[in-house]
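Below is one structure, written out as structure tokens; the observations come after it.
The values are calculated or read from the model by the stated rules, or taken from the named source; none is laboratory data. Note that the structure is predicted; figures quoted are calculated from it, not measured. Cβ coordinates were reconstructed from backbone atoms using ideal geometry, including for glycine residues, and neighbour counts include every protein chain displayed. Heavy atoms of the whole protein, side chains included, go into the accessibility calculation; ligands, DNA and RNA do not. Shrake-Rupley method; radii C 1.70, N 1.55, O 1.52, S 1.80 Å.
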Amino acid sequence: MILICQNLRNNLQSPNEYIRGVTLRFLCRLSEPEVLEPLVPSVLENLEHRHHFIRRHAVSAVSAIYRLPHGDQLIPDAPELVERLLASEQDASARRNAFLMLCACAQERAVAYLLSNADRVAEWPDLLQMAVLDLIRKVCRSQNRANKGRYITIITSLLSAPSTAVVYECAGALVSLSSAPTAVRAAANTYCQLLSSQSDNNVKLILLDRLNELRTTHRDVMVGVVMDVLRALASPNLDVKKKVLDLVLDLLTPRNVEEVVLYLKKEVVKTQAGDLEKGAEYRQMLVQAIHACAVEYPEVAGSVVHLLMDFLGDTNVAAAVDVVLFVREIIETNPKLRVSMIQRLIDTFYQIRASRVCSCALWILGEYSLSQSEVESAIATIKQCLGDLPFYTVSDEGEINDSAKPAQPVVNSVTVSSRRPVVLADGTYATQSAATETISTASVAPGSLASTLNLRSLILSGDFFLAAVVACTLTKLVLRLEEVQPSKVESNKACTGALLIMTSILQLGQSSYLPHPIDNDSYDRIVLCVRLLCNTGDDVRKIWLQSCRQSFAKMLAEKQFRETEEMKAKAQISHAQPDDLIDFYHLKSRRGMSQLELEDEVHDDLKAATGGFTKDADDANKLNRILQLTGFSDPVYAEAFVTVHHYDIVLDVTVINRTKETLQNLCLELATMGDLKLVDRPQNYTLAPETSKQIRANIKVSSTETGVIFGNIVYETSNVMERSVVVLNDIHIDIMDYISPATCADVTFRNMWAEFEWENKVAVNTVIQDEKEFLNHIIKSTNMKCLTPPSALDGECGFLAANLYAKSVFGEDALVNISIEKQLDGKLSGYIRIRSKTQGIALSLGDKITLKQKGGS
């Protein structure tokens, strides 16, 4: 030992600076006072060495020695020596190490040094500035708010520091120290400046998370930086754009909504350039954002709806669907825009190429074309898009008669014809043919005949659902024309044209030209329209012309009511305790207080009065998370408190030695099953008789699925030479800890349902006999949200179908569809289908539902 100490002492006095520095770093890891005591003089001599590398590590060594259990006896004057070094040191790292030593070992000296140099903090190196921010947080967290105003002044001065890391930490520290509007506004502006100056997408996402946290607690202040946040849309990353739009939509007010919509309108125009990466997806996000703005503030719809209607023919079908749904809702909620929107829709109808968009646009034309000119224009547009009738011809000579072919040849047009032989009624052969036009859009003038045959091409492709929508729309238009057209001749002419179209569609559907004939539902629907036009009653006319629109208006009103109720439920309700202290700052002395401190006092008083500082602790929930791992008769008793964070699980295991002997080399050995991973290696402990030990184990989680933690406790005693083993009970990690209720649009739900490949089908097996009671039980058991509106679940019909949705902390979507039926004996039957993008969440959620659906706890 003497030789070892002598060797270390020689190294500490070596002329080689590197050897001295490495030895000082090695001393930071030693904890034996007998070895360190003869080396202390040499360590202290290195505090005054000429080279900063050695001084830097000498400070670290002094700090490590002083923090040992009896280190204050080895170097009793260590804080004074380090403080003296800090006053004269020039090296940034050495100053940082010295300041950290004072923060850990002599906090009063660190605070005194900081306050005495408060005017020069902005000139310090960034390493030292970061240490200053850590000290301020530590001091204020200990409820020592005596110098809070001076600390805030120091942080404010650091907001203009050249280091972006320091500026980011300053903003976070400022918000944690003060809730005054001035401080929050300064932090928000700082985040916005970093958002526009940083190019790393990960940094942008983190900054947007910080801004979103400010929104939840200081929405009024955040409203003022909406336009600064919108500038982040210049980022090419779609995740950043989505977060920006979500944040901005939560900050809309009547004052800024017009400015926000105008900015979004400019962004939509930019997406038309074509050189923007993922422009179609970005355009869809913008359309959805504008839709949300217009629903909440209908007065801004007029400034954007006509621009968005130009995208009804967008090649991105999802974006076009969003646009037409937006048009459908705005035309109902904004009667003043109806005339212009109908005319615009008629003018742009020929551009639509997607079947879903055509169906919705036809419904709008049928419901909201009210005047005579609008009805006649709508009928003419539909006829133009269908082309000449019939849809196909049969010729004895085998010639092709293309009724849709334009009179003048169109450059770059290609006529695609199909022939197939058929047997006529008299037994002779003929050729049946149909022709459609495939047009190069670059060579077709808008409005030309060839470019308007969108309905014809879709129907000839076998889309008879769209054909049924065409028949219903024509029926509504003809019925309304009979009301607004005084001339019976024109009404009868329109009725005859509509009947011709419907019969042509039926003829096409029953022909052998198409590979699949018309489906029964579409056939019945078209036949119903034919009968209705031939014989119309007043009651039926009222249903077709009024009831559909009234049902849609009722659906919109219910949707708005549901959203309002959700916002009220999310509103934070806090209550103050009767004995909470409230300081009236008006009765305090304001001498020497800055405006920021005065604002902070006011907001602290308001928070205390409204319960902003109180946090309700769910003691019962905590007790439920304590799991017994061993039996009461085992020599070692163990229980665990499980804390589930987003990406890790913390096990606080209490181990109690119930014997009269000392347990040596006691080790908690754990293993996992599933996507769980142990972080720490097990350590050995010595446990005295009838004493306890707290052991913490960290486990990383990588996906949303049920995991199992199992293991045992191994120990040795002096009497028994072999190791003893106590097997622990298994710990099942519940999937409910990872998922939370969420909402999404019906269209989004259906798209995900069609896209996700993993499905788990669970048969209903329960003792519950009421459909709604069973639905509520599944919702409570799975921690999901029911997307089906309450009005759709009203009534007693013996059937129930509902959609549930939840989102995991990893961003995974969980979709559930419940379809149940009440049997004659009163029991429920049916299936619960679960779909997700990954296998784990589908299987785990299915197991959870299987376990819980019988009505158990």
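Would you check which residues across the range 361-378 are assigned to a helix (DSSP H, G or I), more than 20 Å from Leu460 (Cα to Cα) and touching a residue at least 24 places away in the same chain (Cβ under 8 Å) and list them? Reasoning before the result, please.
Initially, the range 361-378 is screened for residues assigned to a helix (DSSP H, G or I), giving 361-368, 372-378.
Going one step further and asking which of them are more than 20 Å from Leu460 (Cα to Cα), we end up with 363-368, 372-378.
Passing the criteria: Trp363, Ile364, Leu365, Gly366, Glu367, Tyr368, Gln372, Glu374, Val375, Glu376, Ser377, Ala378.
For the range 249-360, which helices (runs of 4 or more DSSP H) that fit wholly inside it have 2 or more residues that are surrounded by fewer than 19 Cβ atoms within 10 Å (Cβ to Cβ), under 29 Å from the mean Cα position of the chain (by Cα) and at pLDDT below 90?
On the way: elements: 257-270, 279-296, 305-308, 317-333, 338-348.
Qualifying helices (runs of 4 or more DSSP H): 257-270, 279-296, 317-333.
List pairs: first residue in the range 151-179 and over 15 Å from Leu128 (Cα atoms) and part of a helix (DSSP H, G or I), second residue open to solvent by less than 30 Å² (accessible area, probe 1.4 Å) and of a type in the set (D, E, K, R) anywhere in the structure, Cβ distance under 9 angstrom, at least six positions apart or on different chains.
Cβ pairs passing all conditions: Ile152/Asp600; Leu177/Lys148; Leu177/Asp600.
Being farther than 18 Å from Cys385 by Cβ, part of a helix (DSSP H, G or I), under 46 Å from the mean Cα position of the chain (by Cα) and not hydroxyl-bearing (Ser, Thr, Tyr) is true for just one of Arg531, Arg525. Which residue is that? Step through it out loud before you land on a result.
Values: Arg531 fails: under 46 Å from the mean Cα position of the chain (by Cα).
Of Arg531, Arg525, the one residue that is farther than 18 Å from Cys385 by Cβ, part of a helix (DSSP H, G or I), under 46 Å from the mean Cα position of the chain (by Cα) and not hydroxyl-bearing (Ser, Thr, Tyr) is Arg525.
Criterion first (among the hydrophobic types (A, V, I, L, M, F, W, C), under 21 Å from Asp119 (Cβ atoms), open to solvent by 10 Å² or more (accessible area, probe 1.4 Å) and modelled with pLDDT under 90) does Ala161 satisfy it? Let's see the steps before the verdict.
On the way: among the hydrophobic types (A, V, I, L, M, F, W, C): yes; under 21 Å from Asp119 (Cβ atoms): yes; open to solvent by 10 Å² or more (accessible area, probe 1.4 Å): yes; modelled with pLDDT under 90: yes.
Yes: the conditions hold for Ala161.
Condition test on Gly447, is it modelled with pLDDT of 85 or more, at positive phi and surrounded by fewer than 20 Cβ atoms within 10 Å (Cβ to Cβ)? Steps first, answer last, please.
Details: modelled with pLDDT of 85 or more: no; at positive phi: yes; surrounded by fewer than 20 Cβ atoms within 10 Å (Cβ to Cβ): yes.
Against the criterion (modelled with pLDDT of 85 or more, at positive phi and surrounded by fewer than 20 Cβ atoms within 10 Å (Cβ to Cβ)), Gly447 does not qualify.
Scan the range 480-523 for residues that are within 17 Å of Phe465 (Cα to Cα), among the acidic types (Asp, Glu) and open to solvent by 90 Å² or more (accessible area, probe 1.4 Å) and jot them down.
Hit for the range 480-523 is Asp521, nothing else.
Going through Val226, Val240, Val221 one at a time, which residue ends up being surrounded by 19 or more Cβ atoms within 10 Å (Cβ to Cβ), touching a Leu at 6+ places or on another chain (Cβ under 6 Å) and assigned to a helix (DSSP H, G or I)? Break it down into steps so the answer makes sense when it comes.
Working: Val240 fails: touching a Leu at 6+ places or on another chain (Cβ under 6 Å); Val221 fails: touching a Leu at 6+ places or on another chain (Cβ under 6 Å).
Checking each option against the conditions leaves just Val226.
Does any residue of the range 545-564 turn out to be assigned to a helix (DSSP H, G or I) and more than 30 Å from Ala292 (Cβ to Cβ)?
Step one: filter the range 545-564 for residues assigned to a helix (DSSP H, G or I), giving 545-564.
From what is left, the residues that are more than 30 Å from Ala292 (Cβ to Cβ) are 545.
Yes, there is a match, as at least one residue in the range 545-564 is assigned to a helix (DSSP H, G or I) and more than 30 Å from Ala292 (Cβ to Cβ).
Which of the residues spanning the range 675-703 are open to solvent by less than 40 Å² (accessible area, probe 1.4 Å) and not in a strand (DSSP E or B)?
So the first thing to find is which residues in the range 675-703 are open to solvent by less than 40 Å² (accessible area, probe 1.4 Å), and the list is 676, 687, 695, 697, 699, 701, 703.
Once the filter is applied, which keeps residues that are open to solvent by less than 40 Å² (accessible area, probe 1.4 Å) and not in a strand (DSSP E or B), the range 675-703 yields only Ser703.
For (1) closer than 29 Å to Ala289 by Cα; (2) surrounded by 14 or more Cβ atoms within 10 Å (Cβ to Cβ); (3) of a type in the set (Val, Ile, Thr), each residue gets a yes or a no:
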| residue | (1), (2), (3) |
| --- | --- |
| Ile778 | no, yes, yes |
| Met784 | yes, yes, no |
| Thr788 | yes, yes, yes |
| Ala802 | yes, yes, no |
| Val809 | yes, yes, yes |
| Ala842 | no, yes, no |
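Output the number of the condition that Val762 fails; it satisfies all remaining conditions of (1) open to solvent by less than 30 Å² (accessible area, probe 1.4 Å); (2) over 30 Å from Tyr647 (Cα atoms).
Result: Val762 passes all but (2).
Yes or no: the range 188-197 includes at least one residue that is under 22 Å from Leu128 (Cβ atoms) and open to solvent by less than 50 Å² (accessible area, probe 1.4 Å). So that I can check it myself, show each step before the final result.
Here is the first cut: in the range 188-197, the ones under 22 Å from Leu128 (Cβ atoms) are 190, 194.
This time we only want the ones that are open to solvent by less than 50 Å² (accessible area, probe 1.4 Å), so: 190, 194.
Taking every residue of the range 188-197 in turn, at least one turns out to be under 22 Å from Leu128 (Cβ atoms) and open to solvent by less than 50 Å² (accessible area, probe 1.4 Å).
Pairs only if they're at least six apart or on different chains, beta carbon under 9 angstrom, first in the range 496-512 and over 17 Å from Cys534 (Cα atoms), second open to solvent by 10 Å² or more (accessible area, probe 1.4 Å) and charged (D, E, K, R); list them, first residue then second.
From residues that are over 17 Å from Cys534 (Cα atoms), the pairs are Gly509/Asp519; Ser512/Arg420.
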